[in-house]
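Take a look at the structure below.
The values are calculated or read from the model by the stated rules, or taken from the named source; none is laboratory data. Small disclaimer: the values here were computed from a predicted structure and weren't measured. Here the Cβ positions follow ideal geometry from the backbone for every residue, glycine too, while neighbour counts run over all protein chains shown.
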Amino acid sequence: MPGKKDGIEIEIKSADSSSQSSFESFENILNFRDVGKTINDFLGKKYVAEGKIFRSARPDDATISDRKQLHEEFGIKTIVDLRTSTEHANRKKKRLIESKSTIEEPSQLQGMNHVFININGRRFERSLLWQLSFWNFIKLIVLMLFGYRMEAIRIIGSQVMQPRGLIGLGFDTIDHCGSEIAETLSAFANPKNHPILVHCTQGKDRTGLIVAIILLLLQVPIAAISHDYILSEEELLPEHESRMVEIKSIGLSEDFAGCPPRWIEAMANYLTNNYGGVREYCRRIGFKDVDEEKLIELFRGPGVCPLTPGELSWKWNA
């Protein structure tokens, strides 16, 4: 499948479905993959180090076998959790109600370090609130005061998040979550944390943005990054119905369960048009040059072919 940008054309091989076969043995972890292998299989050339960056949906219900596989087969040392405090509270509540198991929590799993970063922090939350009309803002405050939290969240969902869509919310994350993104990138730049598994709830959009920024720093072609992102839609099908219940409960449509085909391209263009590119964005949010160099060196790795100008979908300004 050819990709083209600014007159530079690249040939891209179709993804080999067998590249995901080794991950199908998980009993209760969805949307899991080795990002480097996914990119390399798609492009037919080793652009990214394999066995270092993994992504998935929430591993909360992982079985003992799943956790053993994460630790022993894939050698995961660090799990980076990008979820909000509300998501963690809801998870604990659900486990208390539904689970009769005594399986230990993932954070207690021996040999794995857990890093918790609420990627959509306070500034992001405030940005959503300020987009409400005056009357909807008052209604939300009243609902919160009387303990109707889900009804209040539904106002934000239907009145702000739904109109913004997944692409607009991605832009909002870029604009308002710089410190959290920099903190996450710093975790990736630390070799002691590798291999890393990064996840949010679905492992789709927040996880997708972090992975995309790393791959953009590595100058991976947009078509390949989009391929990795779009894989999530099919990988999450087994729990589509339950996710739709969650999504609709906060005032969102079915669109939020999918992966817009041009989402990655939109994020990359937004970084270029509003910040001058991914490297300039990283400087703006406090991710230092020295850490960027470490990250690039780590994820290209020894023996991994560096990109040549003719193989890029476009060039970032140095």
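Tabulated data for the structure shown
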quantity	calculated
Condition check for residue 116: loosely packed, with under 14 Cβ neighbours inside 10 Å, within 20 Å of the chain's Cα centre (by Cα) and within 30 Å of residue 79 (Cβ to Cβ)	yes
Close pairs from region 38-67: first within 20 Å of residue 81 (Cβ to Cβ) and modelled with pLDDT under 95, partner surrounded by fewer than 23 Cβ atoms within 10 Å (Cβ to Cβ) and among the aromatic types (Phe, Trp, Tyr), Cβ under 7 Å, at least 6 apart	66/26
Residue under evaluation residue 230, criteria (1) assigned to a loop (DSSP other than H, G, I, E, B); (2) closer than 20 Å to residue 43 by Cβ, criterion not met	(1)
Per-region count, region 157-175, residues of a type in the set (Gly, Ala, Ser) and crowded, with 18+ Cβ neighbours inside 10 Å	2
Per-region count, region 228-252, residues surrounded by 14 or more Cβ atoms within 10 Å (Cβ to Cβ) and either of a type in the set (S, T, N, Q) or touching a strand residue (DSSP E or B) at 6+ places or on another chain (Cβ under 9 Å) (or both)	4
Any hit, region 122-138, residues being under 29 Å from residue 298 (Cβ atoms), within 17 Å of the chain's Cα centre (by Cα) and at pLDDT 95 or above	yes
Test: residue 23 is within 17 Å of residue 229 (Cβ to Cβ) and at pLDDT below 60	yes
Selection count, region 176-193, where residues are crowded, with 20+ Cβ neighbours inside 10 Å and more than 15 Å from the chain's Cα centre (by Cα)	1
Segments classed as helices (runs of 4 or more DSSP H), wholly inside region 121-197, with at least 2 members that are farther than 26 Å from residue 56 by Cα and not aliphatic (A, V, I, L, M)	122-129, 134-145, 149-156
Matching residues in region 198-225 - criterion: being of a type in the set (A, V, I, L, M), surrounded by fewer than 24 Cβ atoms within 10 Å (Cβ to Cβ) and part of a loop (DSSP other than H, G, I, E, B)	218
Close pairs (8 angstrom Cβ cut-off, 6 or more residues apart or separate chains): closer than 10 Å to residue 195 by Cβ and part of a loop (DSSP other than H, G, I, E, B) in region 68-89, hydrophobic (A, V, I, L, M, F, W, C) and at pLDDT below 90 anywhere	76/112; 77/112
Qualifying position, being exposed (fewer than 14 other Cβ atoms within 10 Å of the Cβ) and out of contact with any Phe, Trp or Tyr (no Cβ under 7 Å at 6 or more places or on another chain), among 122, 154	122
